[in-house]
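What follows is a set of notes on a single structure, which appears directly below.
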Amino acid sequence: MRRSFCVIALFSVLSIPSFAMEYVEICKSNQDCKQFSRLVMGTDHLIQGDWVGPHWPEYSDEMAFEVLDHAADLGINFFDTSPIYVGSVEYKLGQWRAQRRETHPNENHHILSKGGFPFDLFWMQSLPEGSHSSELISSLDTLNSTQFPAGTYASRLYGSEDLIAERVAEEMGHTTNNLDGDVTIYLMHRDDGDAIGFNPVVRETTPVKTIMSALSKESISSKAWMFGWSNWLTPRIDESVVLSKANADLIRPVINSPYFSLFEMSDRSIHALGVQVTHQEMMDEDFQKGIKIMPYSPLGGFSILDKPEPKWDNAKLAAKEKYDNGDPYWQNVYHSIFTEANKQRWNRLVEFSETFNKMHSTNYSLDQMMNAYVLAHPRTDLLAIGPITKEQLNRTVESLSLSQSLTPEDLEFLYSGQMNDSAVEVFVFHWFSLFDRNAPVTEFLPKLSDEVDMKFPEATLESHEDFKDWYAGVLETVETASHDIQDLEISKVSEALYQIDLVVLWKAKNFDGTNVEFRAQQHWEVQVGSDGPKIKKYLVSEAQ
């Protein structure tokens with residue numbers, strides 16, 4: 001079932017396309033409700049130099065404010081930040097908010113910030129005052145170095161209720177000073193946990209109620225409208241919801257922000273102590289019931305779309321170079337994201353997007369499809385996004401409407417490759433799109449069985465080599481071509497076999513200047529195995 005969102009169409013006077021923003025209502029009480037844009041403007045990398053690639057400039061305040069203004073013009077009223085984000089961006093967001101209020105006094109801007117982030121011992125090189133877990137201290141003592149390695153953290157949420165409150169209140173003080181005002185929603189950036197070299201230290205965690213009681217103290221609870229979690233495990237989130245309902249004196253968590261992307265993390269998180277949710281969980285409408293879910297990093301936490309073809313391979317090479325140079329962030333991301341399963345998801349994404357655009361006469365980009373994939377899941381209430389240009393913002397907002405066109409079967413195919421009628425239809429359309437753009441033969445061969453039976457009016461093909469020779473002749477003869485599928489019937493014979501009958505109108509312009517048109521009746525048999533669908537039989541005759 002698809003949930004309903006409040007949708008408002010925006011027609012800007014700034015010569016930009018029309019967009020429809022969606023809004024989610026969150027209530028503290030029946031008399032105290034606020035409307036939040038479903039897209040949450042992230043600021044982590046907004047002003048960071050070299051983020052997109054080498055020589056990408058660090059944004060000036062003027063450049064950053066221009067992007068933030070554009071987000072607000074598009075209807076985004078919810079902004080995600082943190083005092084630890086790059087370039088003092090939380091402070092600059094506060095400056096922008098004050099400036100925007102003067103020029104747009106009728107707008108409401110909601111700020112989500114975060115505390116509870118563990119102490120970064122790599123930068124501090126010493127344990128801060130207060131209690132720390134014996135497991136962390138013991139692990140640090142065994143290090144064969146006088147320097148704490150990157151990815152070494154000591155929890156702020158360990159210890160007594162008073163100590164936790166003191167530590168978080170210090171962070172909250174930085175945030176309210178940066179923003180020159182209170183925050184709307186305040187998340188604990190991590191749960192209680194320590195890490196050494198990005199690896200979690202195994203120990204018992206502070207009880208959820210202790211953390212909630214600490215956050216409920218006046219020094220913290222008075223500074224934010226509502227609270228929530230980020231990178232918390234489901235059992236502790238569910239427990240927090242139950243506790244808040246049973247005790248009115250405790251803060252009520254309203255948002256959880258986990259990692260969620262088509263690119264699923266391996267056993268290693270892209271961030272120390274990071275937590276992801278899965279495709280199967282986000283398809284379950286009862287998952288983490290009682291709290292809004294705001295995933296982050298829908299594009300996988302790294303840039304692939306700016307790379308030359310083959311994009312996946314070149315993105316992996318760029319990541320490996322950073323990994324080899326010791327970049328702390330890429331020590332995690334490289335092993336977390338560049339898995340064989342994610343490579344297959346990337347390949348399906350490329351194929352699906354190309355075919356979707358052909359079927360619907362659209363021109364959606366791969367980043368739009370990845371954002372739409374996350375937005376289309378029933379449990380995605382909000383989405384933290386990270387565009388850093390106005391053009392990227394436009395594309396991201398357009399992902400909202402795209403997400404409404406994706407079916408549960410589409411999502412399952414993109415994630416797992418599981419075949420269904422919708423996925424078979426994509427397979428068929430993509431096959432013809434390869435011909436329409438004169439794709440290299442290497443893109444066809446993975447779609448053919450090793451022992452294939454292909455019969456055309458002019459040729460019979462029984463192997464990959466036969467197809468290579470036949471297709472080489474096509475490329476030598478045909479300059480441009482188009483295939484218009486006029487009738488398509490898909491029959492599932494078994495889990496491993498589909499039969500497909502279709503009529504396709506083929507039009508071609510040959511290099512010799514002649515034009516050819518042929519209406520073909522086709523019958524296919526497609527085998528489905530662990531390596532995806534493959535054409536076993538392909539019979540072509542003239543349609544009657």
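Derivation of every value follows stated rules applied to the coordinates shown; laboratory data play no part. Predicted model, so just to flag it, every value in this text is computed and none were measured. With ideal geometry, Cβ positions are generated from the backbone for all residues, glycine too; neighbour counts draw on all protein chains shown.
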Which lysines, on any chain, are close to Lys217 with Cα under 16 Å apart, when same-chain ones fewer than 8 places away are left out? Lys209
Of all DSSP beta bridges with both partners in the chain, the antiparallel percent, nearest 5, is 65
For the chain, what is the mean residue ellipticity at 222 nm derived from helices alone (per DSSP H run of n ≥ 4: -39500 (n - 2.57); sum divided by total residues; nearest 500 deg cm²/dmol)? -11000 deg cm²/dmol
Rank Phe36, Thr234, Gln280 by how far each Cα sits towards the positive end of the charge dipole of the chain (+1 on Lys, Arg Cβ; -1 on Asp, Glu Cβ) and give me just the farthest. Phe36
Quick one: length gained pulling Asp267 to His360 fully straight, 0.36 nm per residue minus the C-alpha distance? 29.7 nm
Label-point separation (nm) for Ser134 and Thr514, each offset 7 Å from Cα along Cα-to-Cβ? 8.9
Take the alpha carbon atoms of the range 469-530, find their center, do the same for the range 67-99, and report the distance between the two centers in whole angstrom. 51
Would you mind pulling out the separation of the Cα centroids of the range 264-302 and the range 417-444, in Å? 30
Using only Cα atoms, find the angle between the long axis of helix 340-360 and the longest principal axis of the chain, and express it within 0 to 90 degrees, rounded to the nearest 10. 60
Choose one of Leu74, Met172, Ala150: the residue whose Cα lies farthest towards the positive end of the charge dipole of the chain (beta-carbon charges +1 Lys, Arg; -1 Asp, Glu; about the Cα centre). Met172
Asp32 versus Glu340: modelled label distance in nm, points set 7 Å from Cα along the beta carbon direction: 5.4
Once both axes come from the Cα atoms, what is the angle between helix 89-103 and the longest principal axis of the chain, in degrees from 0 to 90, rounded to 10? 90
Inter-part gap, Cα centre of the range 308-337 to Cα centre of the range 165-202, in whole angstrom, is 29
Rounded to the nearest whole number, the Stokes-Einstein translational diffusion coefficient of the chain at 4 °C and 1.567 mPa s (Kirkwood radius, C-alpha pairs) in µm²/s is 50
For the range 514-522, 3J(HN,Hα) per residue [Karplus equation, 6.51 cos²θ - 1.76 cosθ + 1.60, θ = phi - 60°, Hz, x = Gly/Pro]: 7, 10, 10, 9, 8, 9, 10, 9, 10
Based on the Cα gyration tensor of the range 19-149, what are the three equivalent ellipsoid semi-axes, each the root of five times an eigenvalue, rounded to whole Å and given largest first? 36, 22, 12
Pairs Lys92/Lys307; Lys92/Lys114; Lys447/Lys468; Lys34/Lys245: which exceed 22 Å Cα-Cα? Lys92/Lys307
Output the peptides 268-280, 445-457 sorted from most to least packed, where packing is the average of other Cβ atoms within 10 Å over each peptide's residues. 268-280, 445-457
Going through the cross-link list Lys455/Lys492; Lys311/Lys492; Lys289/Lys390; Lys223/Lys390, which pairs have a Cα-Cα distance over 24 Å in this structure? Lys311/Lys492; Lys289/Lys390; Lys223/Lys390
